[in-house]
Every structure is written in structure tokens, then in C-alpha cells.
Amino acid sequence: MISNSVFLIGFSTLAFEVLLTRIFSISQFNHLSFMVISIALFGFAASGTFLSIVNTGQIGRPRYFSTWKSTAVLIMLYSATTIGSFIILNNLPLDYFRLPVEPVQILYLLAAFVLLALPFFFAGFIVALAYTQRPEKTGLIYFATMCGSALGAIFPVLLLPFFNEGQLVIFSAIIPLIGIPLIPNKAGKNQTTSKHRKTNRILWILAGLAMLFNAIYPLSPYGDWLIRVKPSPYKALSQILQFPDTRIDQTFNNIRGRIDRVTSPYIRFAPGLSLRYMESIMQHEAAFSDGDNQLVFYPSDAQDQYPFSTFTLSYSGYDLCPNAKSVLAILQGGGTAIPCIRASKIKDITIVVENPPLAAMVGQRSGLAVISQPPRAFLAASPRHFDIIHVENWGTSIPGSAALDQNHLFTTEAFRQYLAHLTSEGLIIISRKLLLPPADCLRLWAGAYEGLKMTGARNPGNHLAIIRNWDTFTLLISKQPFLEGARLEKFARDRNFDLVFLPGITAEQANRFNKFDAPFHFVEINRLAAAYLRGEENAYFRSYFLDIRPQSDNRPFPGRHLKWLKITSLYRTLGSRLYALLMSGEIVVSVVFFEALAVSVFLLFLPLFFVRRSAKKPSLPQGLYFFAVGSGFMFIELFFIKKYILLFGDPIISFTVVVAGILIFSSFGGAWSQKKEKSVLKRALPVLIVVLVLTALALNGLMNYLLRFSTIWRYSGAVLILLPIGFLMGLPFPIGMRDLLDTSMQRAYAWSLNGCASILTSIVSAQLAIIFGISLLLGCAIAAYLIVILSWQHM
Amino acid sequence: MKKTILAFVFFVVPALPNYAETVSDSPEFAKARNQMVRTTIEERGVSDAKVLSAMQTVPRHCFVPKDLLPAAYSDRPLPIGEGQTISQPYVVALMTEILQLQKDQRVLEIGTGSGYQAAVLAQISRHVHSIEIKRKLYEQANKTLKSLGYNTIQIRHGDGYFGWPEAAPFDAIMITAAVDHIPPPLLKQLKEGGRLALPLGNPFSYQNLVLVTKQGNDLIVKQITGVLFVPMTGYALKESSP
């Protein structure tokens, strides 16, 4: 059955896509991998373009692709190009930082685009062929493709703990080869001649050899170097491995990331350390997530490793609460919260680390019980109150590179949640890198201010304090107002730290030990505080050079600071270096969008030039229909992926659950549509829109409710929400392919339209979410399906 | 067939850094160097004559990989392999200027890297010590500096965190390796009145400099933002009034 082939192809391509995301997270920086993967997915759309051109050619040509042989060849090509492109890409000396100075890097980048697009091209071609050759079975083909894709999304989740990324790419690439014997031979047994049998035998031998060559050698120890994914040389892990006596002791792979546990005598991590601390710092073990984002371990018996922490900015919170009895530490990298806690002698310690292997490592090394759960879910479910809540997340080293990263630890809702879990004398500690011009500290201060307002604090500014050194700041949020700041002033003075914000301080106190040309942070935070008191904070945010608005759960992008209207000023400030601008994830997304638009225009206009006058072209309503279906589908998928990150705490987990859920349920819709007339759309599409509107109104409440539940119920609830939407989403495409189009050319073109729409939507969604918030994506989905209804009515 | 193999090698074999220590100076390089000093260093406020002369003298092209020679005198950081960079010339000049070195003063550099900064320092001071922990970089830098005749620079392969106690105290210390805190042992090896400089931020984005001055028991930290940063803060302070 053709369904077997498309099922296996769907399985393999989505597994490959998920694995590519993991591979690029290790070997590159996230926003750069976005660039390559987005363009590569145009392989799908290109297959539709190619097929639609073929279908307008000579009469005999389309039939060539309907044979058993051609399908088998296409599957083998898919398999071979998947493995080949991965191996070449994994060893290609592509270095983004050499792009502006080494012209050959542009060739390497183009090669990466083309190589990665090839497997998607062949996969898309196979599926598009199925739709064009068996239009009466589009429902079943859709069911098979979507089911296969859904299972493919889960495949890496289940197997990454046991195999590395490269091995799984090989496995996923050879799986479709299993389907070759199951492809229907239209010639029929009785008509098979000896020539056919000989050809078949040769093909089988070739297929077998291809499998052997492609799979066995890279999977063997001799070929492992071809497929082992290495972190970028610019990442922290690659840097420290160049030090003597440094080794990786353990590596864990899971869908959340690769964790490497490293032992080295040169691990020393003490951000915010006072210059008055005169002893050496010795730490020996750390874990690196995807080659970066170090988390240092402090063994329970290494008492000598703790005293330095009393000279760090973060310890200011502990110093202000000498009677604290309980602490909650949320660790997303760093690890310095633990020595602070140890030095403070607090006994009731709760540590939350989201990533399970990392949580196990921290627990094992520190001798403390560590909870492995998304922090916001933990807080939603926990009735506990703490004297100190210490949130540790140090951000990235390249300003702008985290612009696309979602993080729910620093939203106004998060601050409200932290405050709700503080005891009456409790304190929150957040330390981050100090940026110039002031950006992050302003945003966090404002987020904390609004969180305090939500809890009813009368003068939120009195509950906030910031101290800094030359490259780090600590924000303190107190349940009680800082009526007397003498203790904090003494802590700062004794350690040569500067006060940035504390009720009653002067500008001189803010620029005493770590001097800027002017007390920039002090000035801006006090301006912001004054604006809040006058109720003019929005005017301040609008006029400020960078985007520093506090983030919400609907717009949780704390690393996003770019204002497009100020981009020329930013460009000049970066020394008029275009390349420095491209360090920003947001700018990369925009560049990719224009590239994608150009590719889409090319792919969509090219077939129209080949259409003979006698051939029936797709009409405008038909084109709009399929474009809007692809766009609407992707908007909904991305809306849920981004929304559910709050529930699951991790973008890859969210991606896997949402994609698998929506694809499975839409496959059911596709299967159901097989026996239905097109008139079913008359009811189904409006119902889908109503369901989307209800989702927009009810989802936040539902999610806050689900957050309180255990993991299994949270996942189950999240998947159940997708059921009605996914099912209804599975109707328009297969019904459209079957009943709204007449020719193979039109169907192939519709496939291309659908593919281009999906990719453009995924790129533009990233930008829309960070500027306007995630909810807008659902609004766009509703608009897209309204266009589907309108265009259907005009057909 | 040959073309196929060549294409395969071109795409698959990683480009190894191949240094230009044997590339002699030329009028073109000298002209580029001159222009670099004039337009990207002097015009941006670096005025110390010794520093300008040092930047004019040291052949930066000998410290970059051969395939990056055309960019040797551009005002940008350049990748030199192993995830390392040679700093932007302006940052090198500014860092050197803020140390206010004299001929007989002792300077310690933590993070030799390509050796370029050490060579610039050696043009001003007779007592340059440099430590590099990564063996490959240490060996390459040592080779390059020796081949260029910088025999007064003492380079050590070791852990710069602990400084160079045998040669301490130092009038100036420069940390060019990425750090999240200033190593306490280095502060102990700084003389009274001594200056310690380090760059902050990512070289591919933008950088500020930190200067630590030892005055008695106090350590004063000053952020040197340089001309690069002024438009941003100027804007931030003047334009963003609520």
C-alpha cells in the first residue's frame, strides 16, 4: 500500500527534523540553527513545484513517477540524502563567525541549505505523488502521513537516552527502506516479465548495498567520527576541554539536551565576586547543557568551597535575612546558589532543577534532595512558603542571541507567584549580568514592581533593591518594605559593591567603587521609578532606546530588547558592523523571512510559466484556500507550542507533545473525512473557528489549573485540549485535495502552496510572538481559517 | 573523478588554521597597518604615542590564519581557530593605552592567544610576561613571537589564574581570557598603584573595558566604554526622558 510508504516517510522526516534541532542546539547557537532549518524545509514545497512542472509536461512523463520502481528509487534517494547530508553537514567547516571575513563560508552556508533541503525534497515528492496519483484516497493518505509524523516526533524522545543524535539520524533514515517491498506494483504479477524480475533484483541489491554502506559504517566505532555531534568551538565546553587534565566523565542525552559532566581543576565560577575576597576559588566539577550553560557542582563534603559565596552579590539576600530557616533555589545554570545556602547555614533547603539528569547530578553531588520539575509547575502545586527564593539564571554571553528564547521565570506572573510563596519576612534574590546600556535590570525591576502591585503592595518601589559590581547585578525583592537600608548599605560598602536602587540613596553612592562615566543604571531606574509613581511608565517604555517592558506569560521573552524603529542607532553603536547586528536572534529571523519570501515566490511562480494554455491552472480561490489552510495549521501549532512551554518548562518537550498531539488528532480527522462529502466543511470550519475563540478565552485559566497537577495529569490535560482542534484541522486539506481540485498539476501546486505557507508562517510567528505576544498567533489562525471559508465559498 | 574528489575534500576536510608567521611584511601590509592606526585607532581617541607606534610596528597579519590575511588589518575580531579570536585592533590599543605602561615596568598578560597583544606590549615595555593555558595556542604563539624576534617576552604554558608569582609584583596586568570574576591571586600580584585591565562582553558583539587600580587597600574599578559606547549612553541619558 502507498499508505505504508507515506507513513514511514512521515515518521522519518519528522524524526529527522526533531533531531536536526537537537544537533544544531549542540553544534551551533539556537538562532543560527533557526536560519538553516527554516530554509531547508523548503525542500517540501520545492517537491510540489517540481511535480507540478512535471505534470504540465509531456503526457508520458507523469506516468513515470507512478511506477513501483520510481517510488522505490525515491525512497532510496531520501534515505541516502538524509544520511549523506547529515554526515557532510556534521563535518563541514561552517563557521558563522568567519562569514564576514572568509568568502568560502558563504559557499558552505549555501551547501548547508541545499544539502538539508534534499531529503525534505524527496520526502515531499513521495507524499505529493501519493496525493496526485490517488486523489480518491487523500483522507487515508493524510491519515498515514500525519500518524507517521506524530510517531516520528516521539521517536527521538524515547531513544535519545540510549543512542546519540547521529545514530538516531541513521536509524530514522533507513526506516522508510522497510516499506519498499510493500509498494504496490501496478504492472501486476502476471505481467511481470523476466526483464522486470531482473530489474527488480538489481534494485533490491542496490537498496541493500545502500543500506549497508550508509548505515553500518557510520554506526560502527570506525565511522563514529562521521556522526558524532560536537559542540561549537566557541561554546564553553569546547573551550574548557582544551585545558590540561580536563575530561568528560559522563554524557546524558535526552530530548531536553545533552548534558556533559566535566571534571577539571580549572573550573572556577564566581560571578559577582567582591574584589575584597583574596582567596582562590577551586571547583572541580560542572555540567554543560548542549556544550554551554555551565552548572557547577559543590560536593557536600567540600566545606572549603563555600566561603567565597559570602563575598558575592547574591549573598546580600542571605545577609539581609540572618534568621532565614527555609530556602527555595531554582537553578537554570550557574550553581552558586548552593554555596550561598551552605554558607548561610539554612537547613530547610529545596532545590528545583528542571532537567532530570541534571537534577540527579546536582542531588548526587550536593547531597541535597533536588526536585526535577518545571519551576512554575512546582510553585503552582506547592503550598509551601520560603524565607528566601533564589532564582539563578545568568543568561547568554552574546547580547541579543537569547531574543527568541522563551523563559517564564521573569514574567510578572512569575514574580507574583514567587511573592505568594514567601513568608512575611521573605526575600527573592535574582542575579544577572549587568548590561550597558541598562536593559535587563530595568526590565526585571519593572517586572518585580508589577508583580508587587498585583499582590497589593502599596508602594512597590520600597520593596525593591539593586546592588552591582562591574559586570553583575542582584535584584532583591522583599515582602516587607526596605524601610531601613543600613544593613544592605554596609554589606555593599564592605565588599566594594555599589547600590543602584534602594529607597533614600544618592547618586554618589551608586557610582563609588565600580565607576561608570555616569551612574547610568541608577539614573534610569530612578527615572523609571518616578514614571511609575506618576502613572507614566508606558511613556517611559515607549521613549527608552531599547525594549525593556516587563514580560508576561503571554510575551515571555526576557532577552528581547530590540526596537526596530531604533535600529539605525543600534547599528551605529555597534561600530557600524552589520555582522554584530546579526548576533541578534530577532534580526536573524527577519533576514530569514525575506530569504524565505524570495524562495516562496520563486517556487510558486515557476510552475505557472510551464502551464500550457489547455491545462487548467489553479484558480485564485483554490490557491488562497490551500495557502490559508497551511498557514492556519501552522499558526495553531506554534501557538500551542509556545503556550505549552509554561506547562512543560522546555521548548522541545512542548514541541514534541503539541506536534505529536495535533498530528495524531488531525490524522483522525483526515481518516474520518475519507467517507465524507465536501459539504461537511460547511459546518466543520465554523465549528473550528468557534473552538479557537473559546480556546483564546479559556486556555490561560485551564493552563493555570493544570499547572497544579502532577506530570501525568498535566500532560494528559494538555493533549486533551488539542483533540477537538486537531481533529477539525485534519479536514480541510484532504477534502480540498480530493474534491476541490481536478488535475494532478493542481494538486501538486496545492502541495507546494501549503508547504510555502507553513514555512513562512513559522518564521513570521517567531517575530509576531516576541513583539505582540503569543495570543496574537491564535488570532492569526482564526483569520486564516476565515480566509479558508471565504475562498471555499468562491470556488 | 578528480573533480569529485576535490569537491569532496573541499567540503569535508576542515580548514586548519595555518598561520602566517613566515609571511614577511610588504608595502601593502604596511599601508593597511598605517590606515588601521589612523582611521580605527587614532581617530577614535587613542592618543598615546607609544601605543600608536606599537600598533604601527607589530605586523598583525603574522598573527592571523593565512586564509584570513585579507582581513588582517580590518577593525574586527578574527577567529584564529579552536574557538579563539584575535581581538579587534581598537580594543587592543585601548587596553594597552589604559595600562599607561613605561619601558621598565613589568606587565603580565593572562591569555596569550595569538600573541598579538603580547607583541604590542613588548613594543612599550621590556618586561612582558604572558601565560596561556591552551597548549596549541601557547605553542603557536611562542613560535610566532620567536620568529618575529620578540625574544624579551616570557611566555609560559600554565594556569593564569594564579598569575606568575616568581615575577611578581607587576605594574600592570591584562586579562584577555574570558573570566566571570577577577582572580584574587592576580590582585595580590599587582603593585601599589598598579593597573589591571580586562575586556567585558563578547568580541563579536560589542565590548567594554574594565580598569582596576590598586590604591592602598582599595581597588577602584572603572568602566572604560570608549567611543564605541558613547552614542548609546548619550542617547539613553538624553533622549529617554519620560
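The values are calculated or read from the model by the stated rules, or taken from the named source; none is laboratory data. These numbers were taken from a predicted model, which means no experiment stands behind them. For neighbour counting, all protein chains shown are included, and Cβ atoms are generated from backbone atoms with ideal geometry for every residue, glycine included. SASA here: full protein model, heavy atoms, side chains in, ligands and nucleic acids out. Shrake-Rupley method; radii C 1.70, N 1.55, O 1.52, S 1.80 Å.
With charges only on Cβ, +1 for K and R and -1 for D and E, what is the dipole size of the range A:480-555 about its Cα centre, in debye, rounded to 20?
Computed about the Cα centre, the dipole is about 80 debye.
Along Cα→Cβ, 7 Å out, is where each label goes; now give me the distance between the ones at A:ASN323 and B:GLU43 in nm to one decimal.
My value for the distance between the label points is 6.5 nm.
Which trypsin sites (Lys or Arg not before Pro) in the range A:346-381 sit in a loop by DSSP (not H, G, I, E or B) and have at most 12 other Cβ atoms within 10 Å of their own Cβ?
The qualifying sites are A:LYS347.
Stretch A:VAL601-A:SER569 to full length: gain in nm at 0.36 nm per residue minus the Cα-Cα span? Each step should come with its number before you reach the end.
Numbers: separation 32, 0.36 × 32 = 11.52 nm, distance 3.21 nm.
Roughly 8.3 nm would be gained on extension.
Which loop trypsin sites (Lys or Arg not before Pro) in the range B:24-108, with loop taken from DSSP, have no more than 15 other Cβ atoms within 10 angstrom of their Cβ?
B:LYS103
Extent of the range A:455-614 along each principal axis, from alpha carbon coordinates, in Å, largest to smallest?
Extents along the principal axes: 87, 39, 24 Å.
How big is the dipole moment of the protein assembly as shown about its Cα centre under a simple scheme where the beta carbon of each Lys and Arg is +1, that of each Asp and Glu is -1, and everything else is neutral? Debye, nearest 20, please.
Magnitude of the dipole: close to 3060 debye.
Keeping all protein chains in place, calculate the accessible area per residue for the protein assembly as shown (probe 1.4 angstrom), answer in Å².
So the protein assembly as shown comes to 38 Å² accessible per residue, rounded to a whole number.
Determine ³J(HN,Hα), in whole Hz, for all residues of the range A:676-693 in sequence, where each value follows from phi through the Karplus function 6.51 cos²θ - 1.76 cosθ + 1.60 and θ = phi - 60°; x replaces Gly and Pro.
Coupling constants for the range A:676-693: 10, 7, 5, 5, 5, 5, 4, 9, 5, 5, x, 5, 4, 5, 4, 4, 5, 5 Hz.
Would you calculate the separation in nanometres between label points at A:ASN91 and A:MET795, each defined as 7 Å from the Cα along the Cα-to-beta-carbon direction?
Calculated label separation equals 4.8 nm.
Going 7 Å from the Cα of A:LYS490 in the Cα-to-Cβ direction, what parts of the range A:305-342 have a backbone nitrogen less than 14 Å from that spot?
It comes to A:319-323, nothing else.
Under 5 Å between amide hydrogens, which residues at least 5 positions from A:HIS390 or on another chain qualify, with H placed 1.01 Å from N in the peptide plane?
A:LEU328, A:ALA329, A:ILE330, A:ILE429
Using θ = phi - 60° and the Karplus curve 6.51 cos²θ - 1.76 cosθ + 1.60, what whole-Hz ³J(HN,Hα) does each residue of the range B:112-122 get, with Gly and Pro shown as x?
Here the 3J(HN,Hα) series is 5, x, 6, x, 5, 4, 4, 5, 5, 4, 5 Hz.
For the range A:35-41, take each phi angle, set θ = phi - 60°, evaluate the Karplus expression 6.51 cos²θ - 1.76 cosθ + 1.60, and give the result in whole Hz per residue in order, putting x for glycine and proline.
4, 6, 5, 4, 6, 4, 5
At a cut-off of 50 Å², which residues of the range A:96-119 become less accessible once all protein chains are present than in their chain alone, using a 1.4 Å probe?
Listed by number, the residues meeting the 50 Å² cut-off are A:ARG98, A:VAL101.
Can you give me the angle between helix A:356-366 and the longest principal axis of chain A, using Cα atoms only, in degrees from 0 to 90, rounded to the nearest 10?
For helix A:356-366, the angle is close to 30 degrees.
Say R0 is 35 Å: what FRET efficiency, to the nearest 0.05, do B:SER53 and B:LYS146 get from their beta-carbon distance?
Numbers: r = 22 Å, r/R0 = 0.63.
In this case the efficiency is close to 0.95.
Roughly what angle does helix A:42-54 make with the longest principal axis of chain A, taking Cα atoms, 0 to 90 degrees, to the nearest 10?
It works out to around 20 degrees.
A:SER654 accessible area, nearest 10 Å², 1.4 Å probe?
About 0 Å², ignoring ligands and nucleic acids.
Quick check for me: using +1 on Lys/Arg Cβ and -1 on Asp/Glu Cβ, what's the dipole size of the range B:101-222 about its Cα centre, in debye to the nearest 20?
Charge dipole, the range B:101-222, about its Cα centre: 260 debye, nearest 20.
What does the average come to when, for each residue of peptide A:426-435, you count the partner chain Cβ atoms lying within 10 Å of its Cβ? Before the final figure, lay out the partial values.
Values: counts 0, 0, 0, 0, 0, 0, 0, 3, 3, 3.
Neighbouring Cβ atoms belonging to other protein chains average 1 per residue here.
Sorted by accessible area (1.4 Å probe), largest first, how do B:GLU97, A:GLU677, A:GLU536, B:GLU132 line up?
If we order B:GLU97, A:GLU677, A:GLU536, B:GLU132 from most to least accessible, we get A:GLU677, A:GLU536, B:GLU97, B:GLU132.
When the chain is fully extended, how far beyond the present Cα-Cα distance does A:THR251 get from A:SER424, taking 0.36 nm per residue of separation?
Contour length minus the Cα-Cα distance gives 58.0 nm.
What FRET efficiency, computed as 1/(1 + (r/R0)^6) with R0 = 30 Å and r the Cβ-Cβ distance, is obtained for A:PHE594 and A:ALA783, rounded to the nearest 0.05?
Approximately 0.85, to the nearest 0.05.
Shielding by partners for A:539-546, please: the mean number of other protein chain Cβ atoms within 10 Å of each residue's Cβ.
Counting Cβ atoms of other protein chains within 10 Å of each residue's Cβ and averaging gives 4.
May I ask you to rank A:ILE126, A:ILE782 by accessible area, largest first, using a 1.4 Å probe over the protein chains only?
Sorted by accessible area, descending: A:ILE782, A:ILE126.
Quick check: the angle from helix A:138-159's long axis to the longest principal axis of chain A, C-alpha only, nearest 10 degrees?
The angle comes out at about 40 degrees.
Report the gain in length on full extension from A:LEU608 to A:LEU697: 0.36 nm times residue separation, minus Cα-Cα distance, nm rounded to one decimal.
Extra length available between A:LEU608 and A:LEU697 comes to 27.8 nm.
Within the range A:595-695, report the trypsin sites (Lys or Arg not before Pro) that DSSP leaves as loop and that have at most 14 other Cβ atoms within 10 Å.
Details: sites: A:ARG612, A:ARG613, A:LYS616, A:LYS642, A:LYS643, A:LYS675, A:LYS676, A:LYS678, A:LYS682, A:ARG683; in loops: A:ARG612, A:ARG613, A:LYS616, A:LYS675, A:LYS676.
Those satisfying the criteria are A:ARG612, A:ARG613, A:LYS616, A:LYS675.
Taking each residue in B:181-194, count the Cβ atoms of any other chain within 10 Å of its Cβ, then average. What number comes out? Kindly include the intermediate steps, with their values, before the conclusion.
On the way: counts 17, 8, 5, 12, 4, 0, 4, 1, 0, 0, 0, 0, 0, 0.
Mean partner shielding for this stretch: 4.
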